[in-house]
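**Student:** So that we are looking at the same thing, I have put the structure below in C-alpha cells.
The values are calculated or read from the model by the stated rules, or taken from the named source; none is laboratory data. Since the structure is predicted, the reported quantities are computational estimates derived from the model, not experimental observations. Cβ coordinates were reconstructed from backbone atoms using ideal geometry, including for glycine residues, and neighbour counts include every protein chain displayed. Side chains are part of the model used for accessible areas, which takes the heavy atoms of the whole protein and leaves out ligands, DNA and RNA. Shrake-Rupley method; radii C 1.70, N 1.55, O 1.52, S 1.80 Å.
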Amino acid sequence: MSANLDLVRSIYADWERGDFSSVEWAHPDIVFESTGFDAAKATGVAEMAQRWREWMSAWDEYRSEADAFRELDGQRVLVLMQHGGRGKASGVGIEGMKTPGANVFEIRDGKVVRLALYWDREHALADLGLARAPDSPDSP
C-alpha cells in the first residue's frame with residue numbers, strides 16, 4: 001500500500017468515528033472544494049476549518065463511511081463513500097438513505113494539497129472521466 005493511500009485511510013478512520021477535528025494531514029495552503037448540495041471553495045487550513053464548522057453545525061451526528069479507496073495516480077486518491085446525518089433545523093434525516101458520494105484527495109510530500117468533496121458520486125466520476133469506478137458498490 002502506498003503512503004498516499006495510508007494517509008487517506010487514516011483520515012477516514014477518524015471521519016468514520018465522527019471526528020473531523022484534525023487538520024495535521026492538510027497542507028497549510030490546501031484548496032478545499034465541495035460540489036452539489038453545499039457548493040463552496042476555500043483556500044488554506046483556516047478557511048477549510050471554517051467551512052467544516054459551518055457544515056457540521058447544520059447536522060446532528062453527521063457520518064461519512066468509505067466504501068472503497070482507489071489510487072488514481074501518484075498524487076490522487078479517490079474515496080467512494082456514503083454519508084448521512086439529520087438536519088438540525090429541519091429534522092430531515094439522510095442517514096437511512098446512505099447517500100453515495102466521493103472525495104478526491106490530492107497529495108504532495110505527505111500532505112493533502114487539494115480536497116474535493118462530492119455530494120453526488122456520479123458527478124465525481126464524471127469529473128474524473130470515469131464511467132464507474134472499478135469495484136464500486138453500485139457497479140452493475
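**Student:** Describe numerically, in nm with one decimal, the distance between label points set 7 Å from Cα along Cα→Cβ at ARG17 and at GLN75.
**Tutor:** Label-label distance for ARG17 and GLN75, simple model: 3.1 nm.
**Student:** Quick one: which residues, 5+ away or cross-chain, put their amide H under 5 Å from the amide H of PHE20? H built at 1.01 Å from N.
**Tutor:** none
**Student:** Something else now. Rounded to the nearest 10 Å², what accessible area does TRP119 have for a 1.4 Å probe in the complete protein model?
**Tutor:** Its accessible surface works out to 60 Å², give or take rounding.
**Student:** Let me ask something else. What nm value, rounded to one decimal, do you get for the distance between HIS123 and ASP109 when each label is placed 7 Å out toward the C-beta?
**Tutor:** Each label point is offset 7 Å from its Cα along the Cβ direction, giving 3.2 nm.
**Student:** Subtract the Cα-Cα distance of GLU47 and SER10 from 0.36 nm times their separation in residues, and report this length gain in nm to one decimal.
**Tutor:** Separation in residues times 0.36 nm, less the Cα-Cα distance, equals 11.1 nm.
**Student:** Considering only protein heavy atoms, what is the solvent-accessible area of ARG51 at a probe of 1.4 Å, reported in Å² to the nearest 10?
**Tutor:** Roughly 40 Å² of ARG51 is accessible to a 1.4 Å probe.
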